[in-house]
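Here is the structure we will look at, set down as structure tokens.
The values are calculated or read from the model by the stated rules, or taken from the named source; none is laboratory data. From a predicted model like this one, the values you see are computed outputs, not experimental measurements. Cβ sites come from the backbone with ideal geometry, for glycine too, and all protein chains shown count toward neighbours. Quick note on the areas: whole protein, heavy atoms, side chains included, nothing else; ligands and nucleic acids left out. Shrake-Rupley method; radii C 1.70, N 1.55, O 1.52, S 1.80 Å.
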Amino acid sequence: MAIIQINGGRPLAGDVQISGAKNAVLPILVASLLTEDDLQLNNVPHLQDVTTTMALLAQLGADIGMDEHMRILINTRQVHSQAAPYELVRTMRASILVLGPLLARFGRAEVSLPGGCAIGARPVDLHIKGMQALGAEVEVKSGYIVARAKRLRGARIVMDTVTVTGTENVMMAATLAQGTTVIENAAQEPEVVDLARCLNSMGAQISGEGTDTLEIQGVDSLHGATHDVLPDRIETGTYLVAAAITGGKLRLQRTRPDTLDAVLSKLQDSGAHISTGADWIQVDMAGRRPAAVDITTAPYPGFPTDMQAQFTALNCIAEGTSVISERVFENRFMHVLELQRLGADIQLRGGNAIVKGVAKLSGAPLMATDLRASASLVLAGLIAEGETRVDRVYHIDRGYENIEEKLSGVGADIRRLTSSFRQPTSAAVA
Ligand code: UD1
């Protein structure tokens, strides 16, 4: 099992190429279940979660391949199974996304409940309620969601809570329903918009994407398409913080500044100089120590929960005290105990972390607990004096393509070590 080893203290400088968005490509891969034709995806990131989703689709009977340019071609004409087993779903919650497409195209789906999760309860009740509203019969049996429907019927659905994958699941199911579906209190995340764009290029009739109300006019069938996956705003944000935490200067290429307003605004508050073009962002900290910034997470366009851990790391070495309020997931502070091992001064009070910035952190062995928490530990390691080792790196590999190569390419002293005796433990995480 791999470990990432970092010798901190080097300001980063240079260019980083941003990969396709994990949270866009996963639902789009699954959307291939809605058509018998070929779906070609470009700008696919090389991530463990993509491999897991491809394995899930292949297990259902899909024909799926990837070329050296990371283009994926999928055809689901021969799909013979409608069951997503626990072994796959427990390692990646996003597997729940097959529920809507399988139900819409084949009239049945059996999807394991995701089970316990490292970052809070994270139920799937709204996915189930959405399918029921579209006319499906759903029961939970032996840990599986078993859903059946002859043909789904359009409905007006008001989501109790803003849910990203819940919105995506219902939106995908509604594309093939009879009649019109309206989803209110829908998620507005750029990844939901990217999925809607892909579905529309497959012949779906979705409008309102990027607002809190989606209207989907059901059609009889969808056809093939080619789609370029949106750049990853969370990967982008993580490298922005890498520059800011080390007092460095980075230019992030092939990204989308318009999807990062809340993050860029907080970085400016912390003292970073930001400039942007159509597909790049430059961040320059000019050797300064960042100023502490308060953060409250919220659904898009609010500050993303997936950037909370990285900003907690930034605040650890900032000048001043900050309050980090987590409002999307309870228990999403597992990085705090690890950051404290580096010398950070953080107190947890309910859903808030109070961070008193310290002048320096010192390297230590750390344990990654979930995807974004692990990224925050790498960021802290970049500025900590001496050696930091981050164990359980498989969490990072779920969502960051070649993180150590990208960081060493801009001056970080970081490498991956492999040790043969550790066994990964599996946990369903973001
Ligand atoms: C997605 C992202 C994840 C991100 C999260 C919030 C993907 C693959 N993952 O996760 O990276 O951290 O959005 O931006 O896109 N909830 C319910 N009932 C449900 C569903 C959700 O109560 O049926 C609650 C959750 O417990 C949570 C909130 O809704 O408090 C938001 O969760 P949700 O947006 O669904 O997260 P995911 O879609 O799982």
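From the list 143, 166, 100, 115, exactly one residue is under 20 Å from the mean Cα position of the chain (by Cα) and modelled with pLDDT under 95. Which is it? Outline the logic, then answer.
Values: 143 fails: under 20 Å from the mean Cα position of the chain (by Cα); 166 fails: modelled with pLDDT under 95; 100 fails: modelled with pLDDT under 95.
Residue meeting the stated conditions: 115.
Given the criteria at positive phi and charged (D, E, K, R), does residue 398 qualify? Reasoning before the result, please.
Numbers: at positive phi: no; charged (D, E, K, R): yes.
No.
Taken together, the residues in the stretch 343-388 that are under 26 Å from the mean Cα position of the chain (by Cα) and under 18 Å from residue 3 (Cβ atoms) amount to 18. Would you call residue 279 without any contact (Cβ under 8 Å) to a residue 60 or more places away in the chain and among the charged types (D, E, K, R)? Judged against the criteria, residue 279 is a match. Of all residues assigned to the stretch 183-200, none qualifies as being loosely packed, with under 15 Cβ neighbours inside 10 Å, more than 26 Å from the chain's Cα centre (by Cα) and outside any loop (DSSP other than H, G, I, E, B).
Scanning the stretch 275-296 for residues that are crowded, with 17+ Cβ neighbours inside 10 Å and aliphatic (A, V, I, L, M) returns 281, 283, 285, 292, 293, 295.
For the stretch 308-358, the candidate set comprises residues that are in contact with a Ser or Thr (Cβ under 8 Å, 6 or more places away or on another chain) and of a type in the set (D, E, K, R); within that set, the residue that is farthest from the ligand (Cβ to nearest atom) is 356.
Working carefully through the options 183, 245, find the one that is touching a residue at least 12 places away in the same chain (Cβ under 8 Å) and touching a Pro at 6+ places or on another chain (Cβ under 8 Å). Give the steps one after another, and end with the answer.
Values: 183 fails: touching a Pro at 6+ places or on another chain (Cβ under 8 Å).
Just a single option satisfies the conditions, and that option is 245.
If we keep just the residues of the stretch 20-47 that are open to solvent by 10 Å² or more (accessible area, probe 1.4 Å) and more than 13 Å from the ligand (Cβ to nearest atom), which is modelled with the lowest pLDDT? Residue satisfying both the conditions and the ranking: 46. Scanning the stretch 48-58 for residues being open to solvent by less than 30 Å² (accessible area, probe 1.4 Å) and of a type in the set (S, T, N, Q) gives a total of 2. Every test in (1) within 16 Å of the ligand (Cβ to nearest atom); (2) touching a residue at least 24 places away in the same chain (Cβ under 8 Å); (3) open to solvent by 10 Å² or more (accessible area, probe 1.4 Å) is passed by residue 145 save one, and that test is (3).
Please go through the stretch 307-327 and pick out each residue that is over 24 Å from residue 386 (Cβ atoms) and buried (at least 22 other Cβ atoms within 10 Å of the Cβ). Walk me through it before giving the result.
Quick first cut of the stretch 307-327, residues over 24 Å from residue 386 (Cβ atoms) only: 307-308, 320-327.
Of everything in the stretch 307-327, those that are over 24 Å from residue 386 (Cβ atoms) and buried (at least 22 other Cβ atoms within 10 Å of the Cβ) turn out to be 307, 308, 322, 324, 326.
Restricting to the stretch 3-19, name every residue that is within 23 Å of the chain's Cα centre (by Cα) and open to solvent by less than 20 Å² (accessible area, probe 1.4 Å).
Result: 3, 4, 16, 18, 19.
Number of residues in the stretch 356-371 that are touching a residue at least 40 places away in the same chain (Cβ under 8 Å) and farther than 24 Å from residue 396 by Cα: the value is 4. Within the option set 222, 240, being at negative phi, surrounded by 23 or more Cβ atoms within 10 Å (Cβ to Cβ) and under 22 Å from the mean Cα position of the chain (by Cα) holds for one residue only, 240. Those residues that are open to solvent by less than 30 Å² (accessible area, probe 1.4 Å) and not β-branched (Val, Ile, Thr), I need them from the stretch 297-306; list them, please. Of everything in the stretch 297-306, those that are open to solvent by less than 30 Å² (accessible area, probe 1.4 Å) and not β-branched (Val, Ile, Thr) turn out to be 302, 303, 304, 306. If you go through the stretch 372-391 and keep only what is open to solvent by less than 10 Å² (accessible area, probe 1.4 Å), touching a residue at least 60 places away in the same chain (Cβ under 8 Å) and not in a loop (DSSP other than H, G, I, E, B), you end up with 372, 373, 375, 376, 377, 378, 379, 380, 381, 382, 388, 390.
Among the residues of the stretch 59-97, those identified as part of a helix (DSSP H, G or I), open to solvent by less than 50 Å² (accessible area, probe 1.4 Å) and farther than 16 Å from residue 143 by Cα are 60, 94, 97.
Per the conditions (1) more than 16 Å from the ligand (Cβ to nearest atom); (2) within 28 Å of residue 327 (Cβ to Cβ); (3) of a type in the set (Lys, Arg), the sole criterion not satisfied by residue 90 is (1). In the set (1) more than 22 Å from residue 89 (Cα to Cα); (2) modelled with pLDDT of 95 or more; (3) open to solvent by 30 Å² or more (accessible area, probe 1.4 Å), the condition left unmet by residue 150 is number (2). Output the residue which, of all residues in the stretch 160-174 that are open to solvent by less than 10 Å² (accessible area, probe 1.4 Å) and among the hydrophobic types (A, V, I, L, M, F, W, C), is farthest from the ligand (Cβ to nearest atom). Here the answer is 174.
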